[in-house]
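Chemist: Here it is: the structure, laid out below.
Every number here is computed from the coordinates shown, using simple stated rules; none is lab data. Worth saying up front: this structure is predicted, and the values here are computed from it rather than measured. Using ideal geometry, Cβ is built from the backbone for each residue, glycine included, and neighbour counts are taken over all protein chains shown.
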Amino acid sequence: MNFISKCVRHILNRILFGAKVNSKTYIKHLRRKGAKIGEGTRLFRPTTIQIDETDAYMVQIGRNCQITGETVRKPEMM
């Protein structure tokens, strides 16, 4: 792909998926909402991962973790 195609694709993905466009932006978004996420953490397929963002301050994920698509919820929701 040429440079322009990549830029257009990135913009469209950002519009469609918002903060979940990639692991880095989603982790940054969650941290802004109060989640404590360690360095080196990676979210595989962030578009399918469901993390409860309403009380993000209750979410703690350690360093160098890899999350592959499970749902992360508050304990009382389980």
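Chemist: Mind listing whichever residues of the stretch 23-47 are surrounded by fewer than 14 Cβ atoms within 10 Å (Cβ to Cβ), closer than 20 Å to Tyr57 by Cβ and either in contact with a helix residue (DSSP H, G or I) (Cβ under 8 Å, 6 or more places away or on another chain) or among the basic types (Lys, Arg) (or both)?
Modeler: Matches in the stretch 23-47: Lys28, Arg31, Arg32, Gly34, Lys36.
Chemist: Taking only the stretch 28-37 into account, find how many residues are more than 15 Å from Gln50 (Cβ to Cβ) and in a helix (DSSP H, G or I).
Modeler: Count: 3.
Chemist: Quickly run through the stretch 41-67 and pick out the residues that are over 14 Å from Asn22 (Cα atoms), assigned to a loop (DSSP other than H, G, I, E, B) and touching a residue at least 12 places away in the same chain (Cβ under 8 Å).
Modeler: Selection gives Asp52, Glu53, Asp55, Val59, Gly62, Arg63, Asn64, Cys65.
Chemist: Hey, can you tell me all the residues within the stretch 3-22 that are surrounded by 13 or more Cβ atoms within 10 Å (Cβ to Cβ) and of a type in the set (A, V, I, L, M)?
Modeler: Answer for the stretch 3-22, where residues must be surrounded by 13 or more Cβ atoms within 10 Å (Cβ to Cβ) and of a type in the set (A, V, I, L, M): Ala19, Val21.
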